[in-house]
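In what follows, a structure is listed as C-alpha cells, so that the remarks can point back to it.
Every number here is computed from the coordinates shown, using simple stated rules; none is lab data. Note that the structure is predicted; figures quoted are calculated from it, not measured. Neighbour counts are summed over all protein chains in view; Cβ atoms, including those assigned to glycine, are modelled from backbone coordinates with ideal geometry.
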Amino acid sequence: MRILLIQPPGNQEIPIGYKRNYSEKARSPLPPLGLLYLAGHLKKNHEVKVLDMAVSGQGIPELPSIINSFQPDLVGVTAVIGLWPAVVDIFNLVKKINPSIYTVVGGPNATQYPEETLAIRSIDFLITGIGQFPLMRLCNQLEQGQSGEGIENCYVQGKTSAGDYRTVYSKEYELDEFELPDREAVPFSLYRIGFCPDNPTTTMVTSMGCPFRCAFCDCHNQALQMRTAEKVVDEIAAVEKMGIKSILFQDELFTLKAERVKQICESLIKRKIKIHWSVKSRVDCLQIWMPGLMKEAGCFNIHFGIESGNDATLTRMKKGYNTDSVRRAVGMVKSAGLSCTGNFMLAYPGENETDIRNTIAFAKGLSLDLAQFSITLDLPKTELFDEALRSGRRRGNPWSEFIKHPQRIDLVEMFSSELFTPEELFAFLDEAHQCTKTLYNTRESK
Ligand code: B12
C-alpha cells in the first residue's frame, strides 16, 4: 500500500495563547516525530512518504500535484489543536481529488476528541493513542480488501457509537518495542534551531506520559511509559552517525527516574558520543548531582515548566512546589554551567494584574537564559477546563464545537480570564517579552 503521512503547514497554525506575529526564528519547525515513528514501523510492509509541509515550503494549494504524482492509497494526517482547521482542509481536498483514497487521522487532538473528530465526514478512520500498531493493522486489512473494523484504538467513520471510544495503552506498546523513527523520511538536515549550539537538530522521546497532575495539563491521561537507557543511547548513537548535532528531548519529564538518567549519561560518556541535548524537567525532579553529570554527557539546557511567580497560583495549578523550589532548581542548573529556560502561564484563573506582574518580575529575576510566556487557556480534557465548566466560567464546550466546526469558532477568543479582554492579555504578553530574555526578542536580536 502507498501511504502519505502529512504534517500540515506551520503557517496555518492558530496561535493559542501566544503572539500571532512572533519571530520567524522562534517558529523553526521541529521534525514531525510522531509521523516519523509511524513511517519507521509501516515501511516494513508498505511504501511510505512523509510530507512535512512546515519545512517543504509547500502549502495546501500544492497538495493536488503532490497527490497526483505519489498516488497514495491512504493519507494520514497528524492532528494538534492549533492546526485542526488545516487538517480538515487537507482531508476535504484529498477526498475531492480522489474519493477512493483512504483518509486516517491520529495525534493528540484526535485522541482527545474522537467523536467530534469523526463528525468530519471526509475522515474515514480515526486512530487514538500510540499509532504504530493500529495503523499497520489498518493498512494490512485494507490492502486485503477488509473493512478496517475491529482494530483496537481504531474507529471507522459512521460505524462507532458515542460510548465506544476509549484509548487502550497496553503493555504491548512499550516504547522499546517500536522501530526507531525514520528520520531520513524527511530532509533532516533542514531542521535548524537557533537556540541549539549546533545544527541540524532532531527530536527524540525516551518516555511518554507524566505521573504528576497539573490542573492545566492533560498528559497524565496517557499511560506512563519509559525506555531503557540502553535503547535510548543506541538511538542517540544512530542520530550522531547521521550527522545530526543536537537533540531536543520531548519527554514531559526526562529526569523522572534518577537511575535511568545516570545510566544514560554514563553510557554517553563511556561510548564517547558527542552530541548536544536539551531536556524538560520539573524543579522538584532534579537531584543535586544531575546537572553536572548531564553537562558532562553533552546536555546544554534544562527547561522547566515554572508557570507562575505566585505561590497561591502554583497551589491552584497543583504543581506541588513553590517559588523557593524554583529558585533553588534554576540555581542548580546555572551553577553547573548549563543554560536554563522556563515557561510561564499568565492570567491563570483567579489572577489579577498584580499577580501577572509578579510572574513577569519573578521570571526576570531568575537568571534564566530564555523565558517563554503564554496566556492561560483551559485546554480540553484538563482539570482546569472541567472546573471552568463547573464554575460557569465556560458555558458549553467550545473545544468540542471547534472540532466539529473548525471554521466557525475563533480559538483566539477563548482565553480563560474573567478579568481581562484578549487585548489586555496580549498587552501583558508584550510586557513580559519586553522586560525578560524571551525566545522572541532574543532570537531576533542575534
Ligand atoms: C514538540 C511539541 C510541540 C512543538 C511542535 C510539534 C511538532 N512539530 O511535532 C511546538 C513547540 C511547535 C508545539 C506547540 C504547541 N503545542 Co505541543 N507539544 C509537543 C510535544 C512536547 C511533543 C510532541 C512529540 O513529538 N511527541 C512524541 C511523538 C512520538 O508522539 P505524538 O506526536 O503524539 O505521535 C504519536 C501519536 O499521537 C500518534 N499519531 C500522531 N500523528 C498521527 C497521525 C496518524 C495518521 C496516526 C494514525 C497516528 C498519529 O502516533 C504517534 C506515534 O506513536 C507534545 C507533548 C508530548 N510529549 O507528546 C506537545 C503537545 C502535542 N502540544 C500541545 C499543545 C497544547 C501545544 C500548544 C497549543 C501550546 C501553546 N499554547 O503554545 C502549541 C500549539 C501547537 C499546535 N499547532 O496546535 C498538546 C496537544 C494538545 C492538543 N489537543 O492538540 C501536547 C500533547 C502537550 C500537552 N499534553 O498538552 N508543540
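Between the beta carbons of R395 and N92, assuming R0 = 41 Å, the FRET efficiency works out to 0.85 to the nearest 0.05. Assuming a strict under-26 Å limit between Cα atoms, what lysine pair count do you get for segment 2-171 once near-sequence pairs (fewer than 8 apart, same chain) are dropped? Pairs that pass both the separation and distance tests number 7.
Of interest is the spacing of the C-alpha centroids, which for segment 144-218 and segment 40-119 amounts to 15 Å.
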